[in-house]
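K.L.:
Shown below is the structure under consideration.
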Amino acid sequence: MNVSTLSPLPTAPAGSPATVILFALMCLGAVIAVPMFGYFYRYTWLDWTMFVVLYIVTGLGITVGYHRLMSHRSFDCPDWVKLVLMIAGGWALQNSALKWASDHIRHHAHCDQEMDPYNAQRGFWYSHCGWLFYNDPRTNEKYASRLRQDRVVMWQHRYYIPIVISGLALPFLVGFLSSDWLGGIGCFLLAGVGRTFAVLNSTFCINSICHLWGDQPHGQDDSSRDSWWVSLLTFGEGYHNYHHTHQSDYRNGPYWYNFDPSKWLIFALSTIGLATSLRTAQ
């Protein structure tokens, strides 16, 4: 699709001004406050450990919970496992699973078209994060109807704000209890603000980079592409051309040598009976 054929972008900021304000604060905190604190006070080994742990936990909450479980039903699991994944995904500050998954289902239904919420045909910055700042009058109800029938998803949607707050408060409490107020602030900045910014942008790379640059070994019906190095940042989500070709496969990287920790986690859960009905395309 040629960009010139697309309708003009809406001009109003996205639904609630909170989206713009929160994203601006997160960006400013990550690019200014985080490095400034590190320069003047330095981060401790605990701060960096919490950064890595929460990056992994929240990243997998998105890739395994929001994406492969809720959006594509690539496997089934007990409600308590789903609840853990929904909390971890909520800590990533990427909206509730209800909103995230309905957007993603619509993306697959209308990839590269007008109805694609993060249409890469509009360019890198729009598909990366710009789409967040525009009103979209088109309803996602058609794509949310299945999700609304899931009691765990609806619980997480109702309590999304407290879940987000708890995810940001956790590193502060860990830092404070291990040291003092300054320790709490340092851990909050690095493992809270910095980590959230990193996970947000790694996820955004799937919508932008993996629809603009890379290989298409599995099909050329849309702009999706495989990028092995993006998979290193996103726990296997970079094999995006395969994913678009085989959406319900619990693996994004289908081969044993593909770096796909998300599929490894799902498979590991299946070996102890905590994941069932793993779907594969081949």
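The values are calculated or read from the model by the stated rules, or taken from the named source; none is laboratory data. The structure presented is a predicted model; accordingly, all values stated were derived computationally and were not measured. Every residue, glycine among them, receives a Cβ derived from its backbone with ideal geometry; neighbour counts consider all protein chains shown.
K.L.:
If you check every pair at least six apart or on different chains, which have Cβ atoms under 9 Å apart with a residue in the range 26-41 that is among the aromatic types (Phe, Trp, Tyr) first and a residue that is part of a helix (DSSP H, G or I) second?
P.N.:
Phe37/Ile185; Phe37/Gly186; Phe37/Leu189; Phe37/Leu190; Tyr41/Leu182; Tyr41/Ile185; Tyr41/Gly186
K.L.:
Please determine whether any residue of the range 239-262 is part of a helix (DSSP H, G or I), of a type in the set (A, V, I, L, M, F, W, C) and modelled with pLDDT of 95 or more.
P.N.:
So in the range 239-262, the residues part of a helix (DSSP H, G or I) come out as 240-245, 261-262.
Right, trim to of a type in the set (A, V, I, L, M, F, W, C) and you get none.
No, the range 239-262 has no match at all.
K.L.:
Among the residues in the range 149-157, are any over 19 Å from the mean Cα position of the chain (by Cα) and free of Cβ contacts under 8 Å to residues at least 60 places away in the same chain?
P.N.:
Yes: one or more hits.
K.L.:
Quick test of your reading of the structure: Thr139 fulfils all but one of (1) polar (S, T, N, Q); (2) modelled with pLDDT of 95 or more; (3) closer than 25 Å to His108 by Cα. Name the failing condition by number.
P.N.:
(2)
K.L.:
Here's a follow-up. Could you check the range 54-76 and list, in sequence order, the residues that are of a type outside the set (Ser, Thr, Tyr), in a helix (DSSP H, G or I) and either surrounded by fewer than 19 Cβ atoms within 10 Å (Cβ to Cβ) or within 12 Å of the chain's Cα centre (by Cα) (or both)?
P.N.:
So the first thing to find is which residues in the range 54-76 are of a type outside the set (Ser, Thr, Tyr), and the list is 54, 56-57, 59-62, 64-65, 67-70, 72-73, 75-76.
Still in the list and also in a helix (DSSP H, G or I): 54, 56-57, 59-62, 64-65, 67-70.
Correct list: Ile56, Val57, Gly59, Leu60, Gly61, Ile62, Val64, Gly65, His67, Arg68.
K.L.:
Follow-up question, since we're still on this one. Among the listed residues Ala101, Ala88, Ala109, Ala97, which satisfies the condition of being over 12 Å from the mean Cα position of the chain (by Cα) and either touching a residue at least 24 places away in the same chain (Cβ under 8 Å) or surrounded by 21 or more Cβ atoms within 10 Å (Cβ to Cβ) (or both)?
P.N.:
Working: Ala101 fails: over 12 Å from the mean Cα position of the chain (by Cα); Ala88 fails: over 12 Å from the mean Cα position of the chain (by Cα); Ala97 fails: over 12 Å from the mean Cα position of the chain (by Cα).
Going through Ala101, Ala88, Ala109, Ala97 in turn, just one is over 12 Å from the mean Cα position of the chain (by Cα) and either touching a residue at least 24 places away in the same chain (Cβ under 8 Å) or surrounded by 21 or more Cβ atoms within 10 Å (Cβ to Cβ) (or both): Ala109.
K.L.:
Let me confirm something: among Leu232, Leu278, which residue is in contact with a Phe, Trp or Tyr (Cβ under 9 Å, 6 or more places away or on another chain), surrounded by fewer than 20 Cβ atoms within 10 Å (Cβ to Cβ) and either small (Gly, Ala, Ser) or outside any helix (DSSP H, G or I) (or both)? Before you say what the answer is, go through the steps one by one.
P.N.:
Details: Leu232 fails: either small (Gly, Ala, Ser) or outside any helix (DSSP H, G or I) (or both).
That would be Leu278, the only listed residue that is in contact with a Phe, Trp or Tyr (Cβ under 9 Å, 6 or more places away or on another chain), surrounded by fewer than 20 Cβ atoms within 10 Å (Cβ to Cβ) and either small (Gly, Ala, Ser) or outside any helix (DSSP H, G or I) (or both).
K.L.:
I'm trying to understand the selection: among the residues of the range 1-53, which are in contact with a Leu (Cβ under 7 Å, 6 or more places away or on another chain), at pLDDT below 75 and in a loop (DSSP other than H, G, I, E, B)?
P.N.:
Ala14
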